[in-house]
1. Across the stretch 25-40, in residue order, what do the Karplus-derived ³J(HN,Hα) couplings come to in whole Hz, using 6.51 cos²θ - 1.76 cosθ + 1.60 with θ = phi - 60° and x for Gly and Pro?
2. Beta carbons within 10 angstrom, averaged per residue: use that to sort the peptides 5-18, 37-50, highest first.
3. What nm distance separates the two modelled labels at Lys45 and Trp81, each placed 7 Å from Cα along Cα→Cβ?
4. Anything over 29 Å Cα to Cα? Flag those among Lys32/Lys88; Lys18/Lys76; Lys45/Lys74; Lys32/Lys87, in the order listed.
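Bear in mind these aren't lab numbers, they're just calculated from the coordinates by the rules spelled out. Bear in mind the structure is a predicted one, so any value in this text is a computation, not a measurement. Using ideal geometry, Cβ is built from the backbone for each residue, glycine included, and neighbour counts are taken over all protein chains shown.
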Amino acid sequence: MSGHVDSDSVYAGNPAKKLMTLDEFRVKREKKQLEEAKNVVLEYKRRFNKMPPESELDEYFFLFRKDDNLSAFKEKMELMWNYNVSKKIYKRTKLDSKIIKIF
């Protein structure tokens, strides 16, 4: 890529075009991840006739975790070698535990 690009933005294409800001992307992904998690829970419930255990929702733990005990998810958070950064982001963006009521 050459030329001027705005920092904190998402670009794609050739030539690159600005799609959105990183804040807009974060909001978009949070909504999408919540919808994905909801679909996983509903499909699990339909298939097995029970709510899934937390271990089945490990990719979405940050949406439902009610406390800051992240030890069960440390391995997931270390996959990209950024556990400390992930932990800070988790604590900063943790959603209200009432969100689980959507199921």
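1. Rounded to whole hertz, the list is 5, 4, 4, 4, 5, 4, 5, 5, 5, 5, 5, 4, 4, 4, 5, 4.
2. 37-50, 5-18
3. 4.1 nm
4. Numbers: Lys32/Lys88 21 Å; Lys18/Lys76 31 Å; Lys45/Lys74 26 Å; Lys32/Lys87 21 Å.
Distance filter (> 29 Å) returns Lys18/Lys76.
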